[in-house]
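The block underneath contains the structure these notes are about, expressed in structure tokens.
FYI, it's all coordinate maths here, none of it is from the lab. A quick note: this is a predicted structure, and the numbers were derived from the prediction, not measured. Neighbour counts run over all protein chains shown; Cβ positions are idealised from the backbone, glycine included.
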């Protein structure tokens, strides 16, 4: 499986693994399980051919942690049919990943803008004080409705 991941460089590990298992263990799967996966994956073309880039890629698609969880679950459950067990495991993991991704997108849309996306502070005109000192006021109304005021004195 890892050789196939190295060759194909899928953008999502779980759907790739589901497809890989279905293609190799069709005879061992109950009827209906040999259907193509609902979720798809695409080949990544942005992984430079270096060891560090490939390691980063494997971590990005969560290969080490997902394989560890799959092996631990198989050792604990001791399934009679390991390919079916793994297919169920990675199908469920893919569905959870899709739900988590949708939740993150939803939260990103509902989050208030970051400071870099807010309008800059408004700056009032410089006020000349005695002795040639100038006072500049800057103010901003935050997303929470609070007013913050800064000032600077310059000669």
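Tabulated results
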quantity	calculated
Selection count where residues are touching a strand residue (DSSP E or B) at 6+ places or on another chain (Cβ under 6 Å) and not in a helix (DSSP H, G or I), scope region 2-21	1
Residues satisfying the stated conditions in region 59-83, i.e. within 15 Å of residue 93 (Cβ to Cβ) and in a loop (DSSP other than H, G, I, E, B)	61, 62
